[in-house]
Amino acid sequence: MKVTRIIIGLIFLSLSSLWAQNKSARPKLVVGIVVDQMRYDYLYRFANRYGENGFKRLMREGLNCQDNHYNYAPTVTAAGHTSVYTGSVPAIHGIVGNEWMDRATGKKVYCTDDSTVTTVGTTGKTGFMSPKNLWTSTITDQLKIAQNYQSKTIAIALKDRGAILPGGHTADAAYWYDSKEGRWITSSFYMKELPTWVQTFNAEERALKFTKQGWNTLYPIQTYTQSAGDNMEFESKMAGESAPIFPHSLQGGNPLELIRTSPYGNTLTKDFAIKAMQEEQLGKKGTTDFLAISFSSTDYVGHSFGPQSIELEDTYLRLDRDIADLLTYLDKQYGKDQVLVFLTADHAVAEIPGFTKSKKLPGGIFDRTKAVSDVKKALQTAFGDLDLLIGEDNSQLHFNHVVMEKMGIKREELYRVVRKAMDKQDGFSELIDLQAINQSNIVTSYKNIVQNGYHAARSGDFMVLLKPQWLIGYKTGTSHSTLYAYDTHVPLLFYGWKVKAQELSTRTEISDIAPTIANWLHCMEPSGSIGKVIQSK
Ligand SMILES: [Zn+2]
């Protein structure tokens, strides 16, 4: 009698757990968060003043992949967002930079340019954009295909490329910010006119209201002990200001543009994302919907003031509150176990050269103008032609192949001449022939990184590798794009649906994100995916 009861009990238990498993085979909503230019260490450096419900909640309750890196260069925004969502690398998905020179036409192309579509939501060309330059599908596409196109995908970012590329080819909407009128806009690729709720949001003129408050620190400025001083000569000045110091008025030039370089740009994005969840009824109709959010202001602030600035520290303390707001909203609306959240970044960033110099650390500013002029002079001396070099972007030099052929210039000869001129430049480390990466004198792991970032149709001929912490840039501010760890090491946190709290110190790569989500959601990985499923508890 007792045994029968136990058996019946066991059958019931396993049946009900099977039922529960089937029922929760997918969460109601997936929320992807990309924090533009977020370095891994920011999770810890400012932690003493993060609240319990923002970054720290993701770290405490989620899967924290601590050694997560980009596996290609150039490490820039468009390539980064695309790689997160495609599980792939520029060599395969084709987004080799924010812009590139198209080998076939010789023309410069912006990553999301599309002259066949028009702006929706404002006048001007800021909406002539779509994902048409992207060669592969995204995890957002795959989730949609897996549900026979019944689910919704919405992508949001101040930067067009931060929204369009994550949204993939099948997004219901990608929205980005137009600073001429301070509006969220889209393109005719997605819709004919903005939904009423977006028009209403725009009419509230929130961007203008934010900038009118000016930007002062959240706490008394003397308590910002994780950062260098406020008035540093190597920080950039905001429009209309005579020094890079608090409080920032946000009133110089066009305030609707200046909001980008302030924490308010992130708050505006968060407010708009929550509105989108409400109005579009995301996750409320029995399908697994996808919301892709990218916080762009961290990048603008980082470029201007650098990783050691009070501006950056304050931006992250405020972003932490925005993330807490988002998580609280998800809790109330869906419950933690019905939402899958991940957070990562599209690239990290170098220290400002002026900062490293002041602290006796190696690094410097590479004189691009002098280098280009020296290369051109060397080319003229060797070949008698000034128009061989036709472009330089993404640290790559493009040469005119037609002229080379006509004049009988061999690639090896060209390399030798350029190399000799580059050798004399301060900060130069190596010149890599991108058609013979394996023969270059760089370490094996870097060869893979360079290979992953190269495609013959959109990349240059030779890549200029500078020494670590050498920047092609200006006297103030900083940047990113290299293959060095300071540009590749970014946070990766998974949280919510079926995710157990865990710290993983095994190396993971950006291309692992999409296949891991595909594995958890039982759908196919994106078409160019090369990542592996992250092994967790
Ligand atoms: Zn940037």
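The values are calculated or read from the model by the stated rules, or taken from the named source; none is laboratory data. The shown structure was predicted, so the numbers you read here are calculated from the model rather than taken from an experiment. Please note: Cβ atoms are built from the backbone with ideal geometry, for glycine as well, and neighbour counts cover all protein chains shown. With ligands, DNA and RNA removed, areas are computed over all heavy atoms of the protein, side chains included. Shrake-Rupley method; radii C 1.70, N 1.55, O 1.52, S 1.80 Å.
Once the whole set of protein chains is in place, how much accessible area is left on Ile92, using a 1.4 Å probe, in Å² to the nearest 10?
70
Taking every Cα atom in region 464-527, find the radius of gyration and the maximum pairwise distance Dmax, and write them in Å.
Every Cα atom of region 464-527 included, Rg and Dmax give 17.0, 50 Å.
Calculate, for region 401-502, the solvent-accessible area per residue in square angstrom, rolling a 1.4 angstrom probe over the heavy atoms of the protein chains. If you can, show how the numbers build up before the last one.
Working: 4840 Å² over 102 residues.
Result: 47 Å² of accessible area for each residue.
Can you list which of the trypsin sites (Lys or Arg not before Pro) found in region 188-291 are DSSP loop residues with at most 16 other C-beta atoms within 10 Å? Each step should come with its number before you reach the end.
Numbers: sites: Lys192, Arg206, Lys209, Lys212, Lys237, Arg260, Lys270, Lys275, Lys284, Lys285; in loops: Lys192, Lys237, Lys284, Lys285.
Filter output for region 188-291: Lys192, Lys237, Lys284, Lys285.
Using Cα pairs closer than 8 Å and at least 6 residues apart in sequence, work out the relative contact order for the chain, in percent.
On the way: 1156 pairs, mean separation 154.5, N = 537.
Here the relative contact order equals 29 percent.
Here are some pairs, Lys377/Lys447; Lys332/Lys498; Lys159/Lys275; Lys107/Lys237; which of them have Cα atoms lying more than 26 Å apart in this structure? Could the numbers behind the result be given before it?
Working: Lys377/Lys447 30 Å; Lys332/Lys498 18 Å; Lys159/Lys275 18 Å; Lys107/Lys237 33 Å.
The answer is Lys377/Lys447; Lys107/Lys237.
How high is the FRET efficiency between Tyr110 and Gln222 when r is their beta carbon distance and R₀ equals 45 Å, given to the nearest 0.05?
Values: r = 43 Å, r/R0 = 0.96.
Efficiency at R0 = 45 Å is approximately 0.55.
I'd like the distance between the alpha-carbon centres of region 472-537 and region 285-326, rounded to an integer number of Å.
Answer, in whole Å: 17.
Would you tally the net charge around Glu52, using a Cβ to Cβ cut-off of less than 11 Å, leaving Glu52 out, and scoring K and R as +1, D and E as -1?
On the way: positive: Lys56, Arg57, Arg60; negative: Glu61, Asp320.
Charge balance near Glu52 sits at +1.
Could you give the accessible area per residue of region 125-175, probe 1.4 Å, as a whole number in Å²? The partial results should precede the final answer.
Details: 1460 Å² over 51 residues.
Accessible surface, normalised per residue, equals 29 Å².
Can you pull the percent of the chain's accessible area that's carbon plus sulfur, 1.4 Å probe, other chains left in place? Before the final figure, lay out the partial values.
Numbers: 11740 of 22190 Å².
Its accessible area is 53 percent carbon and sulfur atoms.
Give a quick list of GluC sites (Glu not before Pro) in region 290-388 that DSSP marks as loop, anything other than H, G, I, E or B, with at most 10 other Cβ atoms within 10 Å. Don't skip to the end; give the middle numbers.
Values: sites: Glu311, Glu313, Glu351; in loops: Glu351.
Answer in residue order: no site qualifies.
With a cut-off of 8 Å between alpha carbons and a minimum separation of six or more residues, what is the relative contact order of region 481-537 in percent? The partial results should precede the final answer.
On the way: 39 pairs, mean separation 17.7, N = 57.
The value is 31 percent.
Expected output is a single nm value to one decimal: the length gained when fully extending between Glu205 and Lys376, i.e. 0.36 nm times separation in residues minus the C-alpha distance. What is it?
Working: separation 171, 0.36 × 171 = 61.56 nm, distance 4.99 nm.
Length difference between fully extended and current span is 56.6 nm.
Would the chain count as rounded, prolate or oblate if I go by the C-alpha gyration tensor, calling it rounded below 1.5 in a/c and otherwise prolate when a/b exceeds b/c, oblate otherwise?
On the way: a/c = 1.67, a/b = 1.42, b/c = 1.18.
Since a/c reaches 1.5 and a/b is larger than b/c, the shape of the chain is classed as prolate.
State the percent of C-alpha pairs, over all pairs in region 268-395, separated by a distance greater than 23 angstrom.
On the way: 4694 of 8128 pairs.
For region 268-395, the share of Cα pairs beyond 23 Å comes to 58 percent.
Take the alpha-carbon positions of region 427-537, form their convex hull, and give its projected area averaged over all directions (one quarter of the hull surface) in nm².
On the way: hull surface 38.8 nm².
Result: a mean projected hull area of 9.7 nm².
Quick check for you: which residues of region 45-70 have the amide N under 20 Å from the point 7 Å beyond the Cα of Thr328 toward its beta carbon?
What the label zone holds, given the 20 Å backbone N cut-off, is 47-62.
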